[in-house]
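Before I ask anything, let me first share the structure, which is written out below as structure tokens.
The values are calculated or read from the model by the stated rules, or taken from the named source; none is laboratory data. Here the structure is a predicted model, which means the values were calculated and not measured. In this analysis, Cβ positions are derived from the backbone assuming ideal geometry, glycine residues included, and neighbour counts consider all displayed protein chains. Accessible surface is based on the protein model in full, side chains and every heavy atom, while ligands, DNA and RNA are left aside. Shrake-Rupley method; radii C 1.70, N 1.55, O 1.52, S 1.80 Å.
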Amino acid sequence: MFILKKGSGFKDVFTLLTGLFFLQTINAQKTVVDSLQTLQDSRVLDIYNLTGNVAYSGAAMPSYGYASANICHTTGLFKQPMKADNATVLSLETGGFKKINNWKYHGYFKHKKTHENKVSWSGVYDAYDDNPFIWADSSSGDWERDEINALIGITTPTIAKKITAGLQIVYSIGSGARLSEPKPFFRYRNIALQPGFSWLLSNKQEIGITGKIGFIKEENELGFYNTSGDNVLLYRLRGYGTFSKTPFVSGERKRIQTEAGTTLHYKNSWKDYQLLLAINALQRDDEITEGIALPVTTGYFTGIEVGGLISLYKGNSSKGKSITINSSSKNGYADDMIFRAESASSVYQRIAINSSIWQLNNTTNTLWQYSFAPVFTFIDNTDQATLTQFTAGILQVTGSINYRRQVSKRILINASVDAGYSYVADDYFSSTRPNVITKELVFPNYIFYASNYIIANARFGINFLPFNKAGSHEVYLSTQNKLSTANSRNNLQVTYSIIL
């Protein structure tokens with residue numbers, strides 16, 4: 001408390017005004033940080049995060065801007081066979097949210113640079129994006145990748161006190177190459193338009209619809225300068241065991257993907273409850289061609305995904321509980337132009353339950369939050385030509401504790417731990433015509449999914465408000481670990497952020 005006594009001079013008045021200014025700045029920054037942490041902890045019903053609808057009419061988000069730097073290092077051999085033994089990722093990101101004349105604007109821009117060590121068999125942007133028509137060769141080496149991701153969203157003011165409309169644009173580009181011979185190279189571009197509408201049925205009820213139209217283009221090149229006289233074998237995968245191989249010097253591959261989808265949601269509030277129901281559907285269609293002057297289609301891939309969620313919240317951001325049930329089912333079909341028939345199919349089904357309870361002591365600004373999250377996943381990959389199939393039914397259970405405490409006016413600490421176990425309830429593998437691809441890629445991938453492992457994650461951060469500077473500063477250290485009987489996969493991240 002500042003007290004101005006009789007006879008105080010200019011110096012005392014200046015001290016008073018300066019103190020009030022910094023106190024107001026600290027309180028304003030605490031309000032922004034508190035609101036963002038409430039969303040981060042999922043202590044409020046976040047319609048945007050759950051449905052992707054940019055036109056939702058939820059709780060007002062504070063205006064803020066941020067910039068962050070992140071370094072992430074991943075090691076360990078408990079991985080899928082076409083992923084790196086270890087990788088280092090450096091990223092810079094900026095973004096924020098702003099409301100001007102009842103128009104809402106939000107977005108971000110991110111640049112990511114990745115160095116991967118000992119990547120085997122991979123020759124494309126992502127070997128595990130469901131499409132089996134990919135390139136691979138038996139060489140291994142280090143990769144370098146550069147990616148840029150950007151998003152901008154605009155939401156209109158409420159029309160006739162009922163309707164809100166918005167549009168979100170997502171744009172990504174990237175390129176990467178192996179540093180050793182042969183040198184696969186990729187260029188990747190993804191642009192998606194996501195319009196959204198929300199209609200207020202009453203003060204407590206809302207319905208909304210979100211659409212998505214996406215266009216993805218991936219171009220691959222392979223070049224080999226033969227100095228030793230050895231041939232390089234390029235494997236053109238067409239399924240989970242089906243392939244063709246040829247000695248190779250150079251080549252070009254192109255993948256054109258289109259996506260179309262929609263999400264419908266309904267929200268209702270009564271007393272201190274909030275309920276969200278949503279259903280979604282998405283279809284992707286890929287065409288893969290080889291050659292530039294005379295491109296030849298090698299295959300088509302179709303992916304169909306449907307899902308839904310139920311989310312129920314009780315209480316408020318200070319004291320409450322929630323439960324969210326989310327389910328999805330993806331089916332993929334590969335049509336081979338050589339066989340003129342379906343060559344492979346895939347199924348990925350998942351149901352996840354996340355329950356949480358939290359208590360915030362507003363006097364000491366101390367938060368305790370407990371979460372419990374069981375997830376069941378079923379995977380089925382089938383190859384028709386080699387009669388190869390593997391399945392896995394996986395039950396994963398994770399428990400979490402999240403702790404926040406305001407240790408002083410300018411310093412807040414946050415610590416959280418996750419512990420769990422992933423158990424393979426059922427698995428199956430069969431291959432009537434085994435070959436080099438089933439031995440090196442398909443069977444190791446099955447072993448990855450059919451392995452039990454322990455989950456051990458931790459996160460610790462400090463948020464501090466400088467006395468004479470604007471903005472809130474955050475430093476976070478986190479680690480994610482999967483520990484199986486034979487191997488492990490460890491991830492360590494350090495993030496520094498400024499929130500204005």
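Between ILE351 and VAL494, what length comes free when the chain is fully extended (0.36 nm per residue of separation minus the Cα-Cα distance, one decimal in nm)?
Working: separation 143, 0.36 × 143 = 51.48 nm, distance 3.10 nm.
Here the segment from ILE351 to VAL494 would lengthen by 48.4 nm.
State the label only: which of [x] 1.12; [y] 1.52; [z] 1.62 corresponds to Cα Rg over 2.2 N^0.38 Å computed from the shown model?
[x]
Still on this model: Subtracting the Cα-Cα distance from 0.36 nm times the residue separation, let me have the gained length for SER318 to ILE191 in nm, one decimal.
Values: separation 127, 0.36 × 127 = 45.72 nm, distance 3.87 nm.
That pair, SER318 and ILE191, stretches by 41.8 nm at full extension.
What is the Cα centroid distance between region 433-500 and region 256-332, reported in whole angstrom?
If you average the Cα positions of each part, the centres end up 24 Å apart.
Return the distance in nm (one decimal) between the two label points of a simple spin-label model at LYS162 and ASN452, each offset 7 Å from Cα along Cα→Cβ.
5.8 nm
Separate question: For the chain, find the longest principal axis of its Cα atoms and tell me its angle to the long axis of helix 10-40, 0 to 90°, nearest 10.
With both axes taken from Cα atoms, the answer is about 40 degrees.
Please work out how many pairs of lysine residues in region 67-130 are eight or more positions apart (or on different chains) and have Cα atoms closer than 20 angstrom.
For region 67-130, the number of qualifying lysine pairs is 5.
Another question, then. Run the paramagnetic zone check for SER138: 7 angstrom along Cα to Cβ, then residues of region 435-457 with backbone nitrogen under 18 Å.
Answer for region 435-457: 435-444.
Moving to a separate point now. How much FRET efficiency would the formula 1/(1 + (r/R0)^6) give for THR94 and PHE376, where r is the Cβ-Cβ distance and R0 is 51 Å, rounded to 0.05? List each step's numbers first, then the result.
Details: r = 38 Å, r/R0 = 0.75.
Efficiency computed from Cβ-Cβ geometry: 0.85.
Please calculate the 1.4 Å probe accessible area of GLU219, with all protein chains present, and give it to the nearest 10 Å².
Accessible area of GLU219: about 50 Å².
Expressed in nm², what is the orientationally averaged projection area of the convex hull enclosing the Cα positions of region 329-442?
Working: hull surface 44.3 nm².
Taking a quarter of the hull surface, the average projection is 11.1 nm².
What order do you get for 426-434, 392-400 when each peptide is scored by the mean count of other beta carbon atoms within 10 Å, highest first?
Values: 426-434: 13.6, 392-400: 17.4.
Highest-to-lowest ranking by the protection proxy: 392-400, 426-434.
Let me ask you something else. Could you list the square roots of 5 times each eigenvalue of the Cα gyration tensor of region 291-386, that is, the equivalent ellipsoid semi-axes, sorted largest first and rounded to whole Å?
Working: eigenvalues 453, 46, 21 Å².
Those come to 48, 15, 10 Å.
Okay, next question. Testing the spin-label approximation: label points 7 Å from Cα along Cα→Cβ at ASN268 and THR485. State their distance in nm.
In this crude label model, ASN268 to THR485 measures out at 4.9 nm.
Taking R0 as 22 Å, what's the FRET efficiency between HIS473 and SER63 from their Cβ-Cβ distance, rounded to 0.05? Each step should come with its number before you reach the end.
Values: r = 18 Å, r/R0 = 0.84.
In this case the efficiency is close to 0.75.
I would also like to ask the following. At 1.4 Å probe size, put THR31, THR75, THR363 in order of accessible surface, largest to smallest.
Working: THR31 80, THR75 45, THR363 130 Å².
Largest to smallest exposure gives the sequence THR363, THR31, THR75.
Need the list of aspartates and glutamates near LYS161 for cross-linking: C-alpha distance under 16 angstrom, and skip anything on the same chain fewer than eight residues off.
GLU206
Which ³J(HN,Hα) values, rounded to whole Hz and listed in residue order, are derived for region 483-500 from phi using the Karplus coefficients 6.51, -1.76 and 1.60 in 6.51 cos²θ - 1.76 cosθ + 1.60 with θ = phi - 60°, glycine and proline given as x?
Karplus values, whole Hz, x for Gly and Pro: 10, 9, 5, 9, 9, 9, 9, 10, 10, 10, 10, 10, 10, 10, 9, 10, 10, 10.
Go through PHE185, PHE443 and list them by solvent-accessible area, largest first, probe radius 1.4 Å. Before the final figure, lay out the partial values.
On the way: PHE185 60, PHE443 85 Å².
The ranking, largest first, comes out as PHE443, PHE185.
Could you order ARG255, ARG187 so the one with the most accessible surface comes first? Probe is 1.4 Å.
Final ranking, largest accessible area leading: ARG187, ARG255.
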